[in-house]
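See below for the structure under consideration.
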Amino acid sequence: MNLRRHLLPHESGRGHQPELDGFRGFAVLTVLLAHSSHAGLQPFGLDFDHFGSVGVYLFFVLSAYLINRQMLDALERRSAHPRFWLRYALRRLLRIYPMYLLALLACLGLHRGGLESLIPSWSDLANHLSLRDARGVFWTLPVEITYYLLSPVVVVLLWPIYRSRPWLAISVLFTAMVSLWYLRFQHHPLPIALRFAPVLGFGTLLALLKRRLRLPGGLGLALFALILTTIPSVSRLLYGTYPFYGYPYTLAYGLVWMLILYQALYHEVALSALGRWLPLRYLGALSFSIYLLHLPVLALCQHFLDSAWVVPGFWVGTLALSFATYTFVERPFGLLKIRL
């Protein structure tokens, strides 16, 4: 098997940006490290608890950028006809729901086996599939799916302004994002999808910006280093505390990740090289399976393995299971040709 061709089947496609694969891998790595620490394990002797939210915000920016870039490309080519939007909806459905259903069934199986689980009944499974409930890591799914539904409307409404006055369209979207964030910051009740829409909005902004910014060289690396200082162990060492999680920081993380990705895509060779590093790109290819399945693997390892084997069992088991589900679920659905 050609591992690169197997895990990265679309890398020769038009407009593919390989840097993004690696940053997706970094995002899921933060989640694995964070949940290892939360379970009482200390990878590399460091505390990563809560650091996973940093990776989730990166996932949000990446997802929004990729889907909105496709929409803008279609609008520019004047190919955004009804079939384009229908294919878009079907691809999103096939991207998310087969793996989501499999992860929910795995959690239900854990409960039936007498282990603690997020999904203790069929009714809980149905509530999650219908997005009426979202526990544990599954909380991100309603957020992303709602944005998949809302962002086409946003992009289409902004398009007439964007064609003639792009900076005005960018300013309108940025103002709306900050306003939405501020409403929640002032404790106004908002659905969870709208609470995190500003973070995803930075992915839309990245798609709108294209190459319009001229930022200082090294800014992206400096911001990436700043992100690393929010690892709890590092933060306590440098700042004497770890306050860098929770809703007040979501807007800042969205902005920082947008700028890092912008520099990686267009200006900074070192950041681009990090994103193109094959081990991270492979991890990025498996990231959705890893994200959905790592907690059931962790529960099984903690239940059945001696403490000395929990960490290697968790990491190896997660990667092996994710490779299998990618091979037999994600990849086949991702390569389906949708003809309408």
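Looking across Val297, Val256, one residue alone is in contact with a helix residue (DSSP H, G or I) (Cβ under 6 Å, 6 or more places away or on another chain) and under 25 Å from Leu8 (Cβ atoms). It is Val297. Taken together, Tyr253, Tyr239 contain a single residue that is over 30 Å from Leu108 (Cβ atoms) and open to solvent by 40 Å² or more (accessible area, probe 1.4 Å), which is Tyr239. Consider the range 262-288. How many of its residues are open to solvent by 20 Å² or more (accessible area, probe 1.4 Å) and in a loop (DSSP other than H, G, I, E, B)? Residues that pass the stated criteria total 2. Exactly one residue out of Leu94, Leu105 is surrounded by fewer than 17 Cβ atoms within 10 Å (Cβ to Cβ), at pLDDT 95 or above and aliphatic (A, V, I, L, M): that is Leu105. Residue check: Phe51 meets all listed conditions (1) open to solvent by 50 Å² or more (accessible area, probe 1.4 Å); (2) within 18 Å of Thr250 (Cβ to Cβ) but one, namely (1).
So is Leu259 within 23 Å of the chain's Cα centre (by Cα), modelled with pLDDT of 95 or more and part of a helix (DSSP H, G or I) or not? Answer is yes for this residue.
Considering the range 118-134, the residues that are open to solvent by 30 Å² or more (accessible area, probe 1.4 Å) and in contact (Cβ under 8 Å) with a residue 24 or more places away in the chain include one that is farthest from Leu93 (Cα to Cα), namely Leu118.
When the range 220-248 is filtered for residues that are touching a helix residue (DSSP H, G or I) at 6+ places or on another chain (Cβ under 8 Å), at pLDDT 90 or above and either of a type in the set (Val, Ile, Thr) or outside any helix (DSSP H, G or I) (or both), the ones remaining, listed by number, are Ile227, Thr229, Thr230, Val234.
Screening Arg83, Arg95, Arg91 for residues that are under 23 Å from Leu32 (Cβ atoms), of a type in the set (D, E, K, R) and assigned to a helix (DSSP H, G or I) leaves exactly one candidate, Arg95.
Within the range 174-192, being surrounded by fewer than 20 Cβ atoms within 10 Å (Cβ to Cβ) and closer than 23 Å to Trp159 by Cα holds for Phe174, Thr175, Ala176, Val178, Ser179, Leu180. For the range 1-48, filtered to residues that are among the charged types (D, E, K, R) and under 15 Å from the mean Cα position of the chain (by Cα), the residue that is most open to solvent (accessible area, probe 1.4 Å) is Arg24. Can you find a residue in the range 202-211 that is touching a residue at least 12 places away in the same chain (Cβ under 8 Å), open to solvent by 20 Å² or more (accessible area, probe 1.4 Å) and within 24 Å of Met177 (Cα to Cα)? Scanning the range 202-211 turns up at least one residue that is touching a residue at least 12 places away in the same chain (Cβ under 8 Å), open to solvent by 20 Å² or more (accessible area, probe 1.4 Å) and within 24 Å of Met177 (Cα to Cα).
The values are calculated or read from the model by the stated rules, or taken from the named source; none is laboratory data. It should be emphasised that the depicted structure is a prediction, and the values quoted were computed from it without experimental measurement. As a convention, Cβ positions derive from the backbone with ideal geometry for all residues, glycine included, and neighbour counts pool all protein chains shown. Just so you know, the surface numbers come from the protein's heavy atoms only, side chains and all, with ligands and any DNA or RNA stripped out. Shrake-Rupley method; radii C 1.70, N 1.55, O 1.52, S 1.80 Å.
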